[in-house]
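Have a look at the structure below, then the notes.
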Amino acid sequence: MIERKVSVHLTQSSSSALLTFAIPNQCPHCGGIMTPDVVYAKTLSNQPRGEYRVGIFLRCTNTDCLKYYTLEYNVNTAYQIITYDRLIKYTYQPPIIDEFPREVSEVSPTFKKVYDQALKAEQLGLDQISGIGFRKSVEFLIKDYLIKLKSEPEVDVKSEFLGKSINRIELTSLKDLTKAATWIGNDETHYVRVWKDKDITDMKAFIRAAVLYISAEYQAAAAHEMVKK
Ligand SMILES: [Zn+2]
């Protein structure tokens, strides 16, 4: 942590305020310890008093990085030094959106949890492990579908190999989708790749289609309960 006097530019005026900020000395990009260059600082409050926010634009000084970044502080004019605990935490991780129908969480909450984690790994560029996660999510989707929607024997379905569970699926389209997704997933897990022209994008498309079939069946079962009365 380093303390720096920073000239903060105020909105709609040419004036500025000189404030002292505690600034982290670690670069958020390269992780290197350095003293960043302060490029610019601005607040959108015209006459700052009490609580307001300041954005500081900085640049890493490590010569093999030199990337720009932003820090934002919750400033209270009562303090002489804007301390580290006034720093607003940024994560820069876009929200995970899987776009699955809500009812898939009813059928298999674990599928949704594992799939979203795999999606997060993929977004972070962890392409060597995201596929394994997607493969795991399919296993939960199929087994929970068989147990909850098809009333297959829970003890057997839980303990048997995934291939055996897939063969219990009556709907041919759903069986093919989950089988194909699993095969691609196995390629992601094993040393030798069998399906060279298929990748995670195909796998995700198959999983999505399978989820839509299962979602349709879930809703149809609810409709059936209503109609038979
Ligand atoms: Zn850096």
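The values are calculated or read from the model by the stated rules, or taken from the named source; none is laboratory data. Note that the structure is a prediction, hence the values are computed from the model and not measured. Every residue, glycine as well, gets a Cβ built from its backbone with ideal geometry; the counts of neighbours run over all protein chains shown. Please note that ligands, DNA and RNA were not included when accessible areas were found on the heavy atoms of the full protein model with its side chains. Shrake-Rupley method; radii C 1.70, N 1.55, O 1.52, S 1.80 Å.
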## Note on the structure
Against the 2.2 N^0.38 Å rule of thumb, the C-alpha Rg of the stretch 92-137 sits at a ratio of 1.14
### Query
Under a point-charge model restricted to the Cβ atoms of Lys and Arg (+1) and Asp and Glu (-1), what is the dipole moment magnitude of the stretch 2-86 relative to its Cα centre, in debye to the nearest 20?
180
### Query
With helices defined as uninterrupted DSSP H runs, which ones in the chain have an alpha carbon span along their own long axis of at least 27 Å and mean Kyte-Doolittle hydropathy of at least -0.5?
127-148, 200-228
### Query
Over the stretch 66-118, one equal point on each Cα, no solvent: what is log10 I(q)/I(0) by the Debye formula at q = 0.16, 0.18, 0.31 Å⁻¹?
-0.68, -0.72, -1.20
## Note on the structure
Going through LYS113/LYS150; LYS112/LYS179; LYS175/LYS198 one by one, the pairs whose alpha carbons sit over 24 Å apart turn out to be none
### Query
What longest range of the chain stays clear of loop-exposed chymotrypsin sites (Phe, Trp or Tyr not before Pro) (DSSP non-H/G/I/E/B, at most 11 other C-beta within 10 angstrom)?
1-78
### Task
Using a Förster distance of 45 angstrom, determine the FRET efficiency expected from the C-beta separation of GLU51 and ASP98, and round it to 0.05.
0.75
### Message
Could you tell me how far the Cα centroid of the stretch 139-204 sits from the Cα centroid of the stretch 39-76, in Å?
### Response
50
### Task
Sort LEU58, LEU212, LEU177, LEU124 from largest to smallest accessible area, using a 1.4 Å probe on the heavy atoms of the protein chains.
LEU124, LEU212, LEU177, LEU58
### Query
Where q = 0.15 Å⁻¹, what log10 of I(q)/I(0) comes from the Debye formula for the stretch 23-93, counting one point per Cα?
-0.53
### Dmax and Rg, reported as Rg then Dmax, of the stretch 104-228 (C-alpha, Å)
14.7, 52
#### Entry: Antiparallel DSSP beta bridges within the chain, percent to nearest 5
90
### Summary
Full extension between ILE33 and ALA220 adds, at 0.36 nm per residue less the Cα distance, a length in nm of 61.5 nm
### Summary
The size of the Cβ-based charge dipole (Lys, Arg +1; Asp, Glu -1) of the chain about the Cα centre, to the nearest 20 debye, is 440
#### Entry: Cα point-scatterer Debye curve for the chain, base-10 log of I(q)/I(0) at q = 0.11 Å⁻¹
-0.72
